[in-house]
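The values are calculated or read from the model by the stated rules, or taken from the named source; none is laboratory data. The structure presented is a predicted model; accordingly, all values stated were derived computationally and were not measured. Here the Cβ is made from the backbone with ideal geometry for all residues, glycine too, and neighbour counts use every protein chain on show. The protein model used for the area step is the full one, side chains on, heavy atoms only, and it has no ligands, DNA or RNA in it. Shrake-Rupley method; radii C 1.70, N 1.55, O 1.52, S 1.80 Å.
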Amino acid sequence: KAKGDGRSNYRYFSPEMNANMLERIELEQRLRRAVLQKEFCLNYQPIVTLNDRSIIGVEALIRWQDPKFGLIPPDQFIPLAEETGLIEPIGEWVLEQALIDLHSWHSQGYMINMAVNVSGRQLINGNQISFNRLISKLLKKYGIDAKYLHIEITESMLMEDREQCLHALEAIRDHGMDIYIDDFGTGYSSLSYLKSFPISVIKIDKSFVDNMLECPSDANLIKAIIMMGKSLELKLVAEGIETEKQLAFLRSLGCDFGQGYLISRPLPNHELSNLLTLRLTPTLKHEQNLEEYL
Ligand code: C2E
Ligand code: MG
Ligand code: MG
Ligand code: MG
């Protein structure tokens, strides 16, 4: 990004800058290795109905276990992965691992949905064709109906690349998958803007849920999002529910679904399996059993 302006060159030699660059270079090298060595894992956070808290699905959330730095949260490496293009192999790994686990839960009779976060970079600049091919291939490989796979895209990403996203999302929707708008309320999109996208679910950003009980303007914003969502016949999921009061309030406003530490933190797959066993009746298994005996 050097502009050839001699006077600003000192910036490139500031010790702080060098330290940051070294850190960044090291992180990038580590991330490249992590991709090759598959140092990632997925945690799954339940998404429940606010009425009776039954688990209708999970959101897959990536974790990076680095040998030196330990567990690195996605906010600290997804932006770098997007800049470097590493998000493409990482995103592929996420999709496949999520479908492997979903296949295992489905085969035990837990017919939950799987929501996967996807970066813009995976969808635009010609990548949407390979993304859709990848999805077809994986759904077929694991025998999963597309209606169980949901794709989360942040509102700010939609705002950045409206045209390209629209085409990519239409292809995803034509496949039979639901599209969620993530972190809704932070990206300044308008009603008419939202209407032009083939989405089915709005996720209300955690920052509004955090403050809504103390801050009337956040409460009003949530009310407006819920009303708008309903008028567009979209489903609403609230993120980051941490207290009973928050859950009750969201429910009273007509929000149907939610996720948050109150219900469950994101869990490794075996812990999610345990939770499903405790909380859900395996439907498919039951039907299969019936078929066997009829
Ligand atoms: P997100 O998609 O909005 O995910 C929700 C984040 O809120 C998760 O953070 C989750 O652990 C956290 N969360 C959920 N409930 C609560 C709560 O009650 N309290 C608090 N304090 N936090 C809660 P996480 O796992 O650190 O992920 C951060 C972001 O990283 C995600 O935000 C998503 O944008 C991105 N991300 C995660 N996994 C992937 C991935 O596989 N691919 C891509 N492209 N992005 C991902
Ligand atoms: Mg998400
Ligand atoms: Mg979110
Ligand atoms: Mg968020």
Calculated from DSSP helices alone, with each H run of at least 4 adding -39500 (n - 2.57) and the total divided by the residues of the chain, [θ]222 nm to the nearest 500 comes to -15500 deg cm²/dmol
Can you tell me the 0 to 90 degree angle between the C-alpha axis of helix 162-174 and the longest principal axis of the chain, rounded to 10? 30 degrees
FRET efficiency for Glu214 and Leu71 from the Cβ-Cβ distance with R0 = 45 Å, rounded to 0.05, comes out at 0.90
Around Asn51, with a cut-off of 15 angstrom between Cβ atoms, what is the net charge of the other residues, counting Lys and Arg +1 and Asp and Glu -1? +1
The chain accessible area per residue, 1.4 Å probe, protein heavy atoms, integer Å², reads 53 Å²
Principal semi-axes in Å for region 139-213 [√(5λ), Cα gyration tensor, largest first]: 24, 16, 9
For a protection proxy built on the mean count of beta-carbon atoms within 10 angstrom, sort 149-157, 52-60, 27-35 highest first, please. 149-157, 52-60, 27-35
Calculate the all-directions average of the projected area of region 69-202's alpha-carbon convex hull, and give it in nm². 8.7 nm²
Under Stokes-Einstein, with the Kirkwood radius over Cα pairs standing in for Rh, what whole-number D in µm²/s applies to the chain at 37 °C and 0.692 mPa s? 158 µm²/s
Translational diffusion coefficient of region 139-269 at 37 °C, 0.692 mPa s, Stokes-Einstein with Kirkwood Rh over Cα pairs, in µm²/s as a whole number. 211 µm²/s
Relative packing of peptides 111-119, 70-78 - highest average C-beta neighbours within 10 Å first: 111-119, 70-78
If I model a spin label as a point 7 Å beyond the Cα along the Cα-Cβ vector, how far apart are those points for Lys230 and Arg265 in nm? 3.5 nm
Considering only Cα-Cα distances, which of the following residue pairs are longer than 20 Å: Lys206/Lys235; Lys147/Lys203; Lys140/Lys195; Lys137/Lys235? Lys140/Lys195; Lys137/Lys235
So which GluC sites (Glu not before Pro) in region 186-257 are both in a DSSP loop and have at most 12 other Cβ atoms within 10 Å of their Cβ? Glu214, Glu233
Ordering 219-226, 182-189 by per-residue average of other C-beta atoms within 10 angstrom, highest first, gives 182-189, 219-226
Considering only protein heavy atoms and a 1.4 Å probe, what is the carbon-and-sulfur percentage of the accessible area of region 176-284? 56 percent
Rounded to the nearest 5, what % of DSSP beta bridges with both residues in the chain are antiparallel? 40 percent
